[in-house]
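What follows is one structure encoded as structure tokens, with my remarks underneath.
The values are calculated or read from the model by the stated rules, or taken from the named source; none is laboratory data. This structure is a prediction, so every number in the text was calculated from the model and none was measured. Virtual Cβ from ideal backbone geometry, glycine too; neighbours counted across all protein chains shown. The area values use the complete protein model at the heavy-atom level, side chains included, leaving out ligands, DNA and RNA. Shrake-Rupley method; radii C 1.70, N 1.55, O 1.52, S 1.80 Å.
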Amino acid sequence: MTVRAPYRSLRGISAVAALLAIGAVGCSDVTDAVDSAKDGAKKVARQRSVFSLDTGDCYNPSGKAEGTAYTVEIVPCDEAHEGQVVGEFKIDEGNKYPGDDGVSAVADTRCPLEAQKYAPDTWALPKGAELFYYTPTAESWATGDRSVSCTYTAAKGALNGTLDTANSLKPEQLTYLKGSNAVYEALWANQSEKDTVEADLPGYKAQAKAVAAALQAHVEGLNGIDGAEVGTLRSTLAKAAGDWQKAADAADADTFYAAYDPAFTGIDPNKSVAARKELGLATTVPAEEAEVWAG
């Protein structure tokens, strides 16, 4: 999933309502002006510093979605909105500012995990929802700012309703999602920067080892869930775990490739659709994931 970062800033701006001068105009113009003034006043009243965002807040950016941000407009989640805060954490990287890239690297790793605590079923997210985060800048870091706010933001259009689904899911649904999310997180978080196995066999083997461990934990979690389709998926994933472990143990690139092909195919998201349906979860594979396995 693509992650973009609209940075916070130490500097704030005051929200000031413009005064409307209503002169000799028609009744409809007066009504429109009054309505506009009310809307403007409401928007001003809803302004909040990005430093005080809380998990669950639905909001509209005061400016562009990306870039330096000072304030946002907090709105009820049942109103159309552009984003919702779905997780928060503090960076613990010592006293020195890690740099923009360093801060982003931490957020890239942590925000998907924090977001999954709030909205565990990523397949059920509204179309176009992308993960963003507000992070400290060098200036705000100097004042003690260490907080990162993770948000889902509508790439186009708007979101409607809250994305908070964790509390409405059944235990078996949460168990499945925790295990499944961990598998794909292990896959992408441990991706080698090299394009070929030959260029970084240790890196690819480390990724395979992480995926194998996550799969094994997922399979163990599925042992406690009833259902024919869940049982079928459990068997498929158990075999995939073995293939990933073979890749992790490969002595050379050729051996790695021989194990990797069935290993990667074994975790094709399409293989989990029937089990998801049986569990009452979303069953449409996200476009980005479908594209990866289709290629």
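Is there a residue in the stretch 191-206 that is polar (S, T, N, Q) and open to solvent by less than 70 Å² (accessible area, probe 1.4 Å)? Yes - at least one qualifying residue is present in the stretch 191-206.
Condition check ((1) assigned to a strand (DSSP E or B); (2) not acidic (Asp, Glu)) across all residues:
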{"site": "Thr143", "(1), (2)": "no, yes"}
{"site": "Thr151", "(1), (2)": "yes, yes"}
{"site": "Tyr176", "(1), (2)": "no, yes"}
{"site": "Ala186", "(1), (2)": "no, yes"}
{"site": "Glu229", "(1), (2)": "no, no"}
{"site": "Ser235", "(1), (2)": "no, yes"}
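Looking across the stretch 157-179 at every residue that is among the hydroxyl-bearing types (Ser, Thr, Tyr) and under 15 Å from the mean Cα position of the chain (by Cα), the one that is nearest to Asp252 (Cα to Cα) is identified as Thr165. Looking at (1) in the same structural domain as Arg110 (by the TED database); (2) out of contact with any Asp or Glu (no Cβ under 9 Å at 6 or more places or on another chain), find the lone condition where Leu237 falls short. The single condition Leu237 does not satisfy is (1). For Ala214, the conditions (1) under 17 Å from Leu281 (Cβ atoms); (2) among the aliphatic types (A, V, I, L, M); (3) without any contact (Cβ under 8 Å) to a residue 60 or more places away in the chain; (4) open to solvent by less than 20 Å² (accessible area, probe 1.4 Å) all hold with the exception of (1).
Taking the stretch 268-294 as the range and being of a type in the set (S, T, N, Q) and either free of Cβ contacts under 8 Å to residues at least 40 places away in the same chain or touching a Leu at 6+ places or on another chain (Cβ under 9 Å) (or both) as the test, the residues that pass are Asn270, Ser272.
For the residues Ile267, Ile225, the requirement of being within 18 Å of Glu185 (Cβ to Cβ), surrounded by 19 or more Cβ atoms within 10 Å (Cβ to Cβ) and not small (Gly, Ala, Ser) singles out Ile267.
Beta carbons closer than 8 Å, at least 6 apart along the sequence or on distinct chains, pair a first residue in the stretch 158-174 that is among the small types (Gly, Ala, Ser) with a second that is open to solvent by 40 Å² or more (accessible area, probe 1.4 Å) for Ala158/Ala80; Ala158/Glu82; Gly161/Asp78; Ala166/Lys117; Ala166/Leu174.
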